[in-house]
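As structure tokens, the structure follows; a few thoughts come after it.
The values are calculated or read from the model by the stated rules, or taken from the named source; none is laboratory data. This is a predicted model, so every value here is computed, not measured. Cβ coordinates were reconstructed from backbone atoms using ideal geometry, including for glycine residues, and neighbour counts include every protein chain displayed.
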Amino acid sequence: MTAAYLTNTRDRIVFGETPTLMQPVFGESLPPPELGKHRFVVGRDGLYMEAQNPVIAVRQRVAKASVRLPYGEFDKCGIQLLNGKIPYAILGEALMKAHNACPNEWAGLIVWDRNEHNYRLYEPPVLSGSSGHICYRNILPDGMELVVDLHSHGFFEAFFSETDDQSDLDGFYIAGVLSHRSAIPSSVSRLVVNGHFLKCPPLQLFFAYD
């Protein structure tokens, strides 16, 4: 996708990688975004980011317009798990493993197994870890798609640290931090889209009982 008005090759490359489009008012809907990439779409009430990979689709407003724009409206926004919600038992398993690892941090990746057609919890190889950090490989075996990247903070509160911000500069997934600071576990979450951090519903809303 290119824009004829862009006279510099570098601008055309930027537009081709991350286009900004108009939400149609009268015509057909825009085609889905290119897998793994994100784009911006200008709608009547502001600027939206759209992205899709094999397991997650998102459309979220990232800037509100101060005037009414002459473009189309969106009927649906939010984050969608394309294979349905994750079984709650997987979250329970993650919380148990994180608790057992206390006071040290723990890491786990919730993935979609393309071969088995189900969600599962995968524990990546840990390179180093303690009560204040954990470093792990996030390269998945063949046939797995990352859905949720989890790690725990042991007995400390759940938050995204500067280290987390650096490690989340690549990829497209839901990120979550777990805490066992109190008797009732807590968590924070965000959506990571190619280095951008988007607002995300509470982590438990992506799970459902079988």
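In segment 101-108, is there at least one residue being assigned to a strand (DSSP E or B) and in the same structural domain as residue 199 (by TED's automatic domain parsing)? Checked segment 101-108: at least one residue is assigned to a strand (DSSP E or B) and in the same structural domain as residue 199 (by TED's automatic domain parsing).
Summed over segment 178-197, residues that are surrounded by fewer than 17 Cβ atoms within 10 Å (Cβ to Cβ) and either without any contact (Cβ under 8 Å) to a residue 40 or more places away in the chain or of a type in the set (Asp, Glu) (or both) total 7.
Considering (1) assigned to a loop (DSSP other than H, G, I, E, B); (2) within 18 Å of residue 71 (Cβ to Cβ), the lone condition that residue 36 does not fulfil carries the number (2). May I ask you to verify whether residue 178 is under 19 Å from residue 55 (Cα atoms), of a type outside the set (Asp, Glu) and in contact with a strand residue (DSSP E or B) (Cβ under 7 Å, 6 or more places away or on another chain)? Criteria not met by residue 178. Among the residues of segment 168-177, not a single one is in a strand (DSSP E or B), in contact (Cβ under 8 Å) with a residue 40 or more places away in the chain, buried (at least 22 other Cβ atoms within 10 Å of the Cβ) and of a type in the set (Gly, Ala, Ser). Report whether or not residue 111 is assigned by TED's automatic domain parsing to the domain that holds residue 182, under 19 Å from residue 147 (Cα atoms) and assigned to a strand (DSSP E or B). Against the criterion (assigned by TED's automatic domain parsing to the domain that holds residue 182, under 19 Å from residue 147 (Cα atoms) and assigned to a strand (DSSP E or B)), residue 111 qualifies.
In segment 1-26, the residues that are assigned to a loop (DSSP other than H, G, I, E, B) and at pLDDT 90 or above reach residues that are charged (D, E, K, R) and surrounded by fewer than 11 Cβ atoms within 10 Å (Cβ to Cβ) with C-beta atoms within less than 8 angstrom, at least six apart or across chains, in these pairs: 23/73.
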